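FYI, it's all coordinate maths here, none of it is from the lab. Model, not experiment: these values are computed from the prediction. Please note: Cβ atoms are built from the backbone with ideal geometry, for glycine as well, and neighbour counts cover all protein chains shown.
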Amino acid sequence: MILDFSIVDVFAEQKYQGNQLAVFHNANGLTDEQMLRIAREIGFQESTFILSDKAVEGAYDVKIFTPEYEVPFAGHPTLGTAYILMKESETEVTLNLKVGRVPVNVANEILWLEITNPTFGETFTTDVAPLLSIKPEDIDEIMPIQLVSTGLPYLIIPVKTLKAIQEMRLEEVAIKDWLTRNKLYKTNSPDGLTVAFFAFTAETHAHANHLHARMFCLENDKIVEDAATGSANSCLLAYLLKHELPMIHKLVEQGYEMKRPSLINIKGELNQEGSYKLQVGGKVKLVAQGKWFV
C-alpha cells in the first residue's frame, strides 16, 4: 500500500518555523495500529490521517495520532490538514475529528479554527512550581493555576517573567508521579488522556506580540516540548476570557526556546449567557510532499 503524504509547518510565518505536521492522504485502508506506527516513525508531535479525500456530508473524516496514542483534537494538526484539503478557490473546510466537527476558514493567509464549550477543572497552588524548576514566587497569582480542556487537557500556569519561562525544566519521574497522584495521567484520568503543562507570561521576545508561552507534555515517559500548540492556546484563550476580559484578541509567541519561533492568533468572547466562542489561527507553509510505503 502506497500513501501520498505532505509535510507542513503550522503557525509559521515562514518555512522551518512553527510546528511540523505530516498529513497522510486516503488512509482509510490503515488500521489504528498502522497509523500509530507511522506517527512514531515520523516522530512529529502529531501526524494526521485523512480517511477519504472526498468530503462526506460536507466534512472530511480525519484521525490525529501522537507517537503515543490517538487524540480527539489538536490545533496545529487541524489547521495543517485543512490547508492540505482546501482547494484553491475554497475559503472553508470542515474536519470530522474524534471531538466532533471542527470548521476551518481562511482570511488573509491565516487559517482559523473555531471551538466552543471549554471545560474548566480544578485549581492548584504555587506548590507546582518546583515541578517546573522555578520558584513559587515566579508564578503570577493574579490568576489561578487551572486545568482547562477543549478536547485535550492542559494545566494553565501564569508566570511573571520571560526569564522564569526560559528557565523551566521538567523531570520525567517527578512529573509522572505528580500526574498519577492527582489522577491526571492517562491510566487514571477520567478521559484517558495525560494532562500537559502550558505556561505563559506577558513578557515577550517580539514587542508586537502580547504573550509568550511554552508547552510540555509527558509522552512515552519522556518530557516533550511543543513548538506551537493550537489546543493549548484555545485553552489559554478560554482561561483569559474567564479570568481577565470577556473579549480578547492576542498574538501568542511560542517555540523560541526550541529555535522554531511560532505565532498563534487567539481571539474570542464570553457572552452574557456564559457561552464561549474560541478562535485560534495561524499561517501554514508547505514544506514537502512524497510517497509513503506501508
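Among Asn105, Val71, Val173, which residue has its Cα furthest toward the positive end of the charge dipole of the chain, with +1 on Lys/Arg Cβ and -1 on Asp/Glu Cβ?
About the Cα centre, the residue reaching furthest to the positive side is Asn105.
Can you sort Asp9, Asp32 by how many other beta carbons sit within 10 Å, fewest first?
With the sparsest Cβ surroundings first, the list reads Asp32, Asp9.
How would you order 106-115, 224-233, 207-216 from highest to lowest mean count of nearby Cβ atoms within 10 Å?
Ranking, from highest mean packing down: 224-233, 207-216, 106-115.
How far, in nm, would the chain grow between Thr91 and Ile223 when pulled straight, counting 0.36 nm per residue and subtracting the alpha carbon separation?
43.8 nm
Going highest first, how would you order 175-186, 117-128 by mean Cβ packing within 10 Å?
175-186, 117-128
Note down the Stokes-Einstein diffusion coefficient of the chain in µm²/s, whole number, using a Kirkwood radius over alpha carbon pairs, 25 °C, and 0.890 mPa s.
Stokes-Einstein gives a translational diffusion coefficient of 128 µm²/s.
Can you give the translational diffusion coefficient of the range 121-224 in µm²/s, computed by Stokes-Einstein from the Kirkwood radius over Cα pairs at 20 °C and 1.002 mPa s?
Approximately 153 µm²/s, per Stokes-Einstein.
For the chain, give the magnitude of the charge dipole about the Cα centre (Cβ charges: +1 Lys/Arg, -1 Asp/Glu; no others), in debye to the nearest 20.
The calculated dipole for the chain is roughly 260 debye.
If I build a Gaussian network model for the chain, linking alpha-carbon pairs within less than 10 angstrom, which residue out of Ser149, Ser189, Ser234 has the largest mean-square fluctuation?
Most flexible of the set in this elastic network: Ser189.
I want to verify the translational diffusion coefficient of the range 159-268 in µm²/s; compute it with Stokes-Einstein, Rh as the Kirkwood radius over Cα pairs, at 25 °C and 0.890 mPa s.
So the translational diffusion coefficient is about 166 µm²/s.
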